[in-house]
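I have placed the structure first, in the form of structure tokens, so that the comments after it can refer back to it.
The values are calculated or read from the model by the stated rules, or taken from the named source; none is laboratory data. Source: prediction; values computed, not measured. As a convention, Cβ positions derive from the backbone with ideal geometry for all residues, glycine included, and neighbour counts pool all protein chains shown. The accessibility values were calculated without ligands, DNA or RNA, using every heavy atom of the protein model including side chains. Shrake-Rupley method; radii C 1.70, N 1.55, O 1.52, S 1.80 Å.
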Amino acid sequence: MNTSHYIGGRWVEGQGSDCINVNEPALGLPFAELMAASVAQVDQAVSAARQALTTWKRVCSQARAAYLRGFAEQLGQRREELIALQMRNNGKPRHEAEIDLDDAIATFAYYADLAEQLPSKNREVPLAAPGFTARTRLEPVGVVGLIVPWNFPLVTSAWKLAPALAAGCTVVLKPSEVTPLIELAYGQIADSLGLPAGVLNIVNGKAETGAALSNHNGLDKLSFTGSNSVGSLVMRSASAQCRPVTLELGGKSAIVVFDDCDPDQAVQWIVAGITWNAGQMCSATSRLLVQEGIADTLLPRLQAALQKLRVGNPLAEDVDMGPLTSQAQWLKVASYFATAREEGLHCLAGGQALDREGWFVSPTLYTDVPKDSRLWTEEIFGPVLCARRFATEEQAIAEANDSRFGLVATVCCADLARAERVADALEVGHVWINSIQAVFVETSWGGTKGSGIGRELGPWGLSAYQSVKHVTRCLG
Ligand code: NAD
């Protein structure tokens, strides 16, 4: 494959030393390979973005909006191809791959609207002091490095690319080595829309390529989504150069079920929150807190629902959950099954890798998990749910907040006043009440505590790529 990097408006072959295998997780076999970008190619991409910035930031926001609408439109035109690639390379069932594509389309359309409104945001600022006037001007941050993971590649990249381009930034995007093909569609669309060369650059590669980008002194900002361990390296490189960084990191989120819930409805929310994308979600609600009065009714139904899920190749009909996306992730989840056995956890469902080709594991439920268990405290990134019982609302809030992460939470409760009260008390970036994993482009995305710094989506996602300038004039 010789079209795996898009630099300065040209498709180029990777000149790095790493060969990247692109796998089909349902078979556990590679179906493509490409060479990573070299450090010199990362440098060329940053230079191209720097050169393009001078013109791009002056392009009127209506024209930038038109390009973004073009992205939305062409994603829609390539629907089948992009869904098929996500099913094959990510192992996503069709309905999940469709939702990802629709999310990416909605993101480009939304930031096209926001780009159109940009001129109205530059306004006069009323001053109390006489003799002066001032105006605000929102300017692009500049050249931005975007580093993303593999679990929702089209979506995560859209959440960064669309607002960055809307703000007038130029970018270098580094997709994950696990899913290096899908985001190339963004380069192909840029090409076909005639987006000026260098505005969007894509370099594929592993850690070396990511490090070359995050350490590059030609960037004005870094936006990273991924693990806490790599996030901390990215933050270190940002700190060495005193430049801003947005971090979207891991989670170990709670789903809190109160006694007054319909147990069957609650089971649906719990199952979706841990098995969607085979649990490979930063926002997976992997800690179930269930109130004592409903626990004995709910847990057997949850066990049955998890055992009934159809786990299989996403290309087959009627699949509820696909494989884990990479062998490394499969081995990691299997190591947590081993830890659970060593810790003597009570397993109500699953608890094992499936004995078949591909990287499959069974949807898993452990109950009465001790608070100090590694399975209760660490992000597993697979369909592994841990449950604990609680007595009071205060106890539920305290246990939910007792985590180094703070990404999301779900509250299942018929008493809406209580649900709102609990939502306000949870130390996270997003709470769902009686719903699950519903992310709208108008609302914010991001976490508190160890789940990151900054917000994506909504107007906050655009602000992340803007710098505020004031011009103050003396009237005297
Ligand atoms: P990862 O941190 O291993 O990799 C993320 C990206 O960083 C990849 O592109 C990778 O190549 C690159 N990278 C690796 N080493 C690097 C280095 N030294 N310098 C710079 N870049 C480097 O994460 P992953 O396994 O791809 O993704 C899973 C993680 O992402 C989970 O922890 C998950 O919670 C998190 N995540 C968070 C969000 C969110 O919105 N908060 C969304 C999706 C995923």
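At-a-glance table
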| read-out | value |
| --- | --- |
| Volume per residue that the Cα convex hull of segment 298-412 spans, once the total is divided by residue count, Å³ | 128 Å³ |
| Backbone N under 18 Å from the Q352 label point (7 Å along Cα→Cβ), restricted to segment 371-387 | 383-385 |
| Accessible area in square angstrom per residue, the chain, 1.4 angstrom probe | 39 Å² |
| Pairs beyond 26 Å (Cα-Cα), from K92/K174; K206/K308; K206/K371; K57/K174; K174/K469; K174/K332 | K206/K308; K206/K371; K174/K469 |
| Percent accessible area from carbon and sulfur atoms, the chain, protein chains only, probe 1.4 Å | 52 percent |
| Cα→Cβ-extended label distance, 7 Å offset, between Q327 and S444, nm | 4.2 nm |
| Rel. contact order, % - alpha carbon contacts under 8 angstrom, at least six apart, the chain | 18 percent |
| Within-12-Å neighbourhood charge of Y186 [Cβ basis; K, R +1; D, E -1] | 0 |
| Solvent exposure ordering (accessible area, 1.4 Å, most first) of C19, C386 | C19, C386 |
| Convex hull volume of segment 1-154 per residue (C-alpha atoms, cubic angstrom) | 158 Å³ |
| Range of Cα positions in the chain per principal axis (Å), largest first | 73, 61, 41 |
| Rounded accessible area of R79 (nearest 10 Å², 1.4 Å probe) | 70 Å² |
| R421-L29 FRET efficiency (beta carbon distance; Förster radius 45 Å; 0.05 resolution) | 0.30 |
| Whether segment 158-249 is rounded, prolate or oblate, judged on the alpha carbon gyration tensor where a/c under 1.5 counts as rounded | prolate |
| Per-residue SASA entry for I453, accessible area with 1.4 Å probe, Å² rounded to 10 | 70 Å² |
| Global form of segment 61-115, assessed from the alpha-carbon gyration tensor, a/c cut-off 1.5 | prolate |
| Modelled FRET efficiency - R0 22 Å, A63 with D102, Cβ distances, 0.05 increments | 0.30 |
| Pairwise FRET efficiency - D372 versus H95, Cβ, R0 = 41 Å, nearest 0.05 | 0.65 |
| Cα gyration tensor, segment 253-341 - rounded (a/c under 1.5), prolate or oblate | prolate |
| Contour excess over end-to-end distance, with Cα ends at C242 and R10 and 0.36 nm allotted per residue | 80.4 nm |
